[in-house]
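**Q** Provided herewith is a single structure, encoded as structure tokens, for subsequent inquiry.
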Amino acid sequence: MSIDLLDLKGVGEKGLIKLNKIGVRTVEDLLFHLPIRYQDKTKLSKISGLEEGNKYFVEGIVEKSNITFYKKRMFLVRISDSTGFIQLRFFYFNKSQMNNFSEGRKVRCYGELRLANKVKEMIHPECEFFDQTDIPELEQHLTPIYPITDGLHQFRIRNFIKQSLSLLKSREIFFPEILPKKILEKYNLIDINSALLNIHNPNKNISYEEITSSDNENKKRLVFEELLAHQLIFKRIRALNKRLLSFELNDNDKPIKKLINNLPFKPTKSQSEVMKEIITDMQEKTPMMRLVQGDVGSGKTLVALFAALHAISNGYQVAFMAPTEILSEQHYQSIKLMLKEFNINIALLYSGIRAKEKEMIIEDIRLGNIDLIIGTHALIQNQIKFFNLALVIIDEQHKFGVHQRMTLSTKGKKSSTYPHQLILTATPIPRTLAMTLYGNLDYSVINEMPRGRQVIDTIALPEDRRSEIMKRIIIKCKEGDQVYWVCPLINESEVLECKAAINTFEELDAELKDINIGLIHGRMKMLEKEKVMGDFRNKKIDLLVSTTIIEVGLDVPNATVMIIENSERMGLSQLHQLRGRVGRGNKKSTCILIYKSGLSEIARSRIDILRRCNNGFDIAREDLDIRGPGEILGKKQKGDINFKIANITRDYKYIKDTKECAESISNRTSEKLAKRWINEEIEIGKA
Ligand code: ADP
Ligand code: MG
């Protein structure tokens with residue numbers, strides 16, 4: 001179509017880049033950038049009538065404000081109207097924010113009401129100040145709230161969308177109907193153009209409850225289409241998978257029993273159950289495609305090892321892929337140890353390996369002399385011919401969307417027998433969603449942690465309180481514990497990230513004379529990295545300064561303190577993963593989030609969520625609230641549930657309908673829907 005994003009007022013080259021970042025490439029995409037929720041600023045509420053748990057817009061006069069130090073430094077403000085008073089509580093604040101609350105000033109606040117010791121309060125409400133003489137008008141409609149990204153503010157996105165809505169109204173933009181008429185009638189679906197108009201700009205008299213209910217006709221139309229698009233993709237994958245053949249492995253539980261007897265601990269009930277599911281799958285003649293979800297630290301590696309052992313004892317080869325070199329090295333070391341009583345040949349493949357050695361390994365794999373090959377995804381996928389590969393294990397794969405992951409092993413394959421596939425992920429997907437939506441993709445959850453684990457304490461500290469952190473580190477290291485100090489990337493340059501880690505290493509090394517400090521980053525050679533990780537594991541290093549290369553998978557149970565710099569710049573799932581590097585043994589662990597003062601609203605809520613929640617599911621749920629589904633997983637981990645509007649808990653009832661409906665949709669329609677709703681390069685069934 002002819003209208004370009006740059007034709008909208010205020011977008012500009014920079015705005016364009018940011019819009020692209022959230023998947024918006026055309027004005028049409030912008031119209032499919034849907035609100036995650038709404039704010040009701042159409043009316044003011046009296047303070048006396050406020051009830052706990054609801055969101056309100058109130059107006060009052062600032063009575064007083066002060067800083068307190070109960071457990072933590074906080075800024076408290078009391079405002080009142082003619083019916084009563086409420087307290088506003090801020091954990092993060094700066095001078096100018098404090099100055100705004102001068103006595104006698106008029107303010108409007110929007111936020112959720114809670115009771116703290118029977119006092120009504122709002123935590124970090126949105127505030128607007130104004131003069132007695134210049135009273136702002138109330139909003140006419142519910143205000144849509146959109147998923148945003150750092151540097152692209154709510155009001156800007158809202159403004160861009162408003163402009164596109166005018167184009168939609170004047171029919172300069174128009175979406176032709178994709179769905180067949182029969183389906184529109186059968187499921188009672190309204191026209192897509194008016195659904196979009198109304199969802200962005202709800203009718204004056206419509207209430208929050210109505211517009212967000214799954215029965216709302218505008219919402220229904222959009223949710224239905226989106227769920228349908230996902231169903232159709234999975235249908236194609238299912239059809240493809242059914243035509244493939246795999247290896248029927250025999251049932252023989254002796255090797256696994258032997259492995260369990262050698263373990264220093266008992267597998268959890270959940271680990272054993274998931275193991276059984278996997279082994280049952282691998283006895284079938286069609287390839288297994290099983291996703292195993294388990295929170296950070298739940299023990300996914302052991303489950304994968306059971307699967308590997310099973311395939312190997314049946315006489316086949318297994319490939320185990322991890323996202324980073326140090327993680328594959330860790331798996332190699334720990335698996336070698338766990339399998340030492342078995343006659344199994346294991347090899348590690350990484351890019352820095354000497355050419356001669358690499359050639360030998362590759363040759364041995366081809367001849368079937370190696371049973372288990374461990375390495376990064378890139379290596380194993382691209383260059384290797386296997387003798388008889390029956391199982392591929394993909395650990396912590398966030399880089400592709402689910403759809404892509406499932407087609408990985410089918411790409412470029414010539415022989416007619418396909419390996420079984422096991423995907424391990426810490427990304428939380430509700431079970432009911434996975435079961436229904438992913439259709440034939442088998443799904444298991446490890447839903448319990450090994451015994452004896454303790455909740456990790458999470459603390460947020462501004463940069464200028466580094467000295468306190470130092471004291472804590474010294475104490476911990478003296479007690480024999482170990483510490484990670486992570487310097488995550490500030491902009492997207494690996495070189496700069498490494499520099500930051502090197503600088504921090506030098507500073508800490510000069511400051512903490514009695515402590516053994518190590519450094520690890522992505523630009524080091526594999527051998528150096530191996531040495532550092534080995535020293536950390538053997539406690540020759542007390543404090544390990546690193547970049548985010550330690551983010552996923554690393555397992556050093558004696559490490560109990562995780563310090564994360566620039567935590568305000570990172571997404572929740574990444575912070576949760578990093579935090580998951582500690583708390584892996586029986587000792588109490590702590591995570592310290594260092595931030596620069598002057599926090600944005602999102603950064604503030606992120607830190608708050610991490611302090612309150614320890615479990616990946618809770619975090620994902622809360623993240624949904626602050627950023628919207630598309631942003632849940634952050635850029636790196638995109639893919640698992642990239643819903644724009646559907647909410648599985650709320651819109652569950654449409655899943656059945658869309659599944660049924662998917663049966664009668666043509667391939668052409670299906671492609672159009674996928675293009676509209678699923679922001680991934682998809683090539684399914686085209687092999
Ligand atoms: P993740 O699910 O994050 O990949 P890992 O597989 O790395 O977790 O396991 C985390 C730690 O828990 C490892 O040190 C592992 O040896 C240990 N572990 C795994 N299963 C159990 C269990 N059943 N009981 C006690 N410790 C376990
Ligand atoms: Mg792991």
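The values are calculated or read from the model by the stated rules, or taken from the named source; none is laboratory data. All of these numbers come straight from a predicted model, not from anything done at the bench. Cβ placement follows ideal geometry from the backbone for every residue including glycine, while neighbour counts extend to all protein chains displayed. Protein only, heavy atoms only, side chains kept; ligands, DNA and RNA dropped before computing areas. Shrake-Rupley method; radii C 1.70, N 1.55, O 1.52, S 1.80 Å.
**Q** Kindly provide the set of residues from the range 215-238 that are more than 19 Å from Ile678 (Cα to Cα) and either touching a residue at least 24 places away in the same chain (Cβ under 8 Å) or aliphatic (A, V, I, L, M) (or both), ordered by number. I'd like the intermediate steps shown before the answer.
**A** First pass over the range 215-238, keeping only residues more than 19 Å from Ile678 (Cα to Cα): 215-218.
The answer is Glu217, Asn218.
**Q** Going by what's in this entry, would Ala311 be described as modelled with pLDDT of 95 or more, assigned to a helix (DSSP H, G or I) and within 16 Å of ligand 1 (Cβ to nearest atom)? Break it down into steps so the answer makes sense when it comes.
**A** Values: modelled with pLDDT of 95 or more: yes; assigned to a helix (DSSP H, G or I): yes; within 16 Å of ligand 1 (Cβ to nearest atom): no.
For Ala311, the condition - modelled with pLDDT of 95 or more, assigned to a helix (DSSP H, G or I) and within 16 Å of ligand 1 (Cβ to nearest atom) - is not met.
**Q** For the range 382-396, what are the residues that are at pLDDT 90 or above and in a strand (DSSP E or B)?
**A** Result: Leu389, Ala390, Leu391, Val392, Ile393.
**Q** Let me confirm something: among Val455, Val483, Val552, which residue is buried (at least 18 other Cβ atoms within 10 Å of the Cβ), outside any helix (DSSP H, G or I), away from ligand 2 (no atom under 16 Å from the Cβ) and touching a residue at least 60 places away in the same chain (Cβ under 8 Å)?
**A** Details: Val455 fails: buried (at least 18 other Cβ atoms within 10 Å of the Cβ); Val552 fails: away from ligand 2 (no atom under 16 Å from the Cβ).
After ruling out the rest, the residue left standing is Val483.
**Q** I've got another one for you. So which residues in the range 522-549 are farther than 13 Å from Tyr484 by Cβ and in a loop (DSSP other than H, G, I, E, B), if there are any at all?
**A** Gly522, Arg523, Met524, Lys525, Asn538, Lys539, Lys540
**Q** Taking Met570 as meeting all but one of (1) at pLDDT 90 or above; (2) touching a Pro at 6+ places or on another chain (Cβ under 9 Å); (3) not hydroxyl-bearing (Ser, Thr, Tyr), write down the number of the exception.
**A** Tallying (1) at pLDDT 90 or above; (2) touching a Pro at 6+ places or on another chain (Cβ under 9 Å); (3) not hydroxyl-bearing (Ser, Thr, Tyr), Met570 fails exactly one: (1).
**Q** I'd like to check something: does the range 601-615 contain any residue that is assigned to a loop (DSSP other than H, G, I, E, B), in contact with a helix residue (DSSP H, G or I) (Cβ under 6 Å, 6 or more places away or on another chain) and away from ligand 1 (no atom under 16 Å from the Cβ)? Give the steps one after another, and end with the answer.
**A** We begin by selecting, within the range 601-615, every residue assigned to a loop (DSSP other than H, G, I, E, B); these are 613-615.
Imposing the further condition that a residue be in contact with a helix residue (DSSP H, G or I) (Cβ under 6 Å, 6 or more places away or on another chain) reduces the set to 613.
Now restrict to residues that are away from ligand 1 (no atom under 16 Å from the Cβ): 613.
The answer is yes; a qualifying residue exists.
**Q** Here is a follow-up. Out of Thr301, Thr286, report the one residue that is assigned to a helix (DSSP H, G or I) and either in the same structural domain as Gln333 (by TED's automatic domain parsing) or open to solvent by 20 Å² or more (accessible area, probe 1.4 Å) (or both). Break it down into steps so the answer makes sense when it comes.
**A** Values: Thr286 fails: assigned to a helix (DSSP H, G or I).
Result of the check over Thr301, Thr286: Thr301.
**Q** Going through the range 351-381 one residue at a time, which ones are open to solvent by 30 Å² or more (accessible area, probe 1.4 Å), closer than 24 Å to Ile423 by Cβ and either assigned to a loop (DSSP other than H, G, I, E, B) or among the hydrophobic types (A, V, I, L, M, F, W, C) (or both)?
**A** So the first thing to find is which residues in the range 351-381 are open to solvent by 30 Å² or more (accessible area, probe 1.4 Å), and the list is 351-352, 354-360, 362-364, 366-367, 369, 371, 378, 381.
If we keep only those that are closer than 24 Å to Ile423 by Cβ as well, we get 351, 371, 378, 381.
Result: Ser351, Asp371, Ala378.
**Q** Within the range 555-592, restricting attention to residues that are touching a Leu at 6+ places or on another chain (Cβ under 6 Å) and open to solvent by 10 Å² or more (accessible area, probe 1.4 Å), which residue is farthest from ligand 1 (Cβ to nearest atom)?
**A** Among them, the one singled out is Glu568.
**Q** Take Phe234 and decide whether it is open to solvent by less than 30 Å² (accessible area, probe 1.4 Å) and either outside the structural domain of His576 (by TED's automatic domain parsing) or part of a helix (DSSP H, G or I) (or both).
**A** On the way: open to solvent by less than 30 Å² (accessible area, probe 1.4 Å): yes; either outside the structural domain of His576 (by TED's automatic domain parsing) or part of a helix (DSSP H, G or I) (or both): yes.
Here the answer is yes, as Phe234 does meet what is asked.
**Q** What is the residue count in the range 48-58 for residues that are more than 18 Å from His124 (Cβ to Cβ) and either in contact with a strand residue (DSSP E or B) (Cβ under 6 Å, 6 or more places away or on another chain) or not in a helix (DSSP H, G or I) (or both)? Show your work before the answer.
**A** Filtering the range 48-58 down to residues more than 18 Å from His124 (Cβ to Cβ) leaves 48-49, 51.
Subsequent filtering for residues that are either in contact with a strand residue (DSSP E or B) (Cβ under 6 Å, 6 or more places away or on another chain) or not in a helix (DSSP H, G or I) (or both) retains 48, 51.
Number satisfying all stated conditions: 2.
**Q** Moving on to the next point. Pairs only if they're at least six apart or on different chains, beta carbon under 8 angstrom, first in the range 84-100 and open to solvent by 60 Å² or more (accessible area, probe 1.4 Å), second part of a strand (DSSP E or B); list them, first residue then second.
**A** From the range 84-100, the pairs are Phe85/Gly60; Phe85/Glu63; Phe85/Arg78; Phe85/Ile79; Phe85/Lys120; Gln97/Phe75; Gln97/Phe90.
Residue-by-condition table, conditions (1) open to solvent by 80 Å² or more (accessible area, probe 1.4 Å); (2) modelled with pLDDT under 90:
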| position | (1), (2) |
| --- | --- |
| Ser102 | no, no |
| Glu112 | yes, yes |
| Asn117 | yes, yes |
| Gln132 | yes, yes |
| Ile161 | no, no |
| Ser166 | no, no |
| Glu185 | yes, no |
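**Q** Any chance you could count how many residues in the range 532-549 are open to solvent by 10 Å² or more (accessible area, probe 1.4 Å) and over 16 Å from Leu327 (Cα atoms)? Spell out the reasoning first.
**A** Taking the range 532-549 as the starting set, the residues that turn out to be open to solvent by 10 Å² or more (accessible area, probe 1.4 Å) are 532, 534-535, 537-542, 548-549.
Now drop any that are not over 16 Å from Leu327 (Cα atoms), which leaves 538-542.
Count: 5.
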